[in-house]
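Every number in this text was worked out from the coordinates using simple rules, so none of it is lab data. Since we're looking at a predicted model, the values are computed, not measured. Glycine gets a Cβ as well: all are built from the backbone with ideal geometry, and neighbour counts include every protein chain shown.
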Amino acid sequence: MPYHSNPLDLAFHALSDPTRRAVVSRLAEGELPVTALAEPFDMALPSFAQHLKVLEDCGLITSEKRGRSRWCRLVPSRFDEAADWMEIERRRGAERLDRLEDYLNKTEGHNDGKAV
């Protein structure tokens, strides 16, 4: 995996893969054993386990051994960090658009009816 400078980079890298996003969607309904998580995917268990490792390494999921099974669950706080970053960026973009709208409204009022 390429070097990423912070946990948020790791989370977005992990979520860039459709298999890992599907795993996250399934875990959003509750924790599951690895074998149940792997069932819908057409890949060998070791390959699937690599996807789980990426998700676990970045902190989006955690797993624990229970008897003979390994169970996975989401870590909501890591998703909150990503959601917070996206909300900050959304607000920043909206503020820029508001400033552009204000500027355009001001310049339209000063163009003496000429097309801009």
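Numerical summary
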{"item": "Kirkwood-type radius of the stretch 1-57, with distances r between different C-alpha atoms, in Å", "result": "11.9 Å"}
{"item": "Radius 13 Å from Cβ of GLU95, net charge of other residues (Lys, Arg +1; Asp, Glu -1)", "result": "0"}
{"item": "All Cα pairs of the chain, percent lying beyond 24 Å", "result": "44 percent"}
{"item": "Expected 222 nm ellipticity per residue - DSSP helices of 4 or more, -39500 (n - 2.57), all of the chain, to 500", "result": "-20000 deg cm²/dmol"}
{"item": "Gain on full stretching of the segment that runs from ASP102 to ILE88 - 0.36 nm per residue minus C-alpha separation", "result": "2.9 nm"}
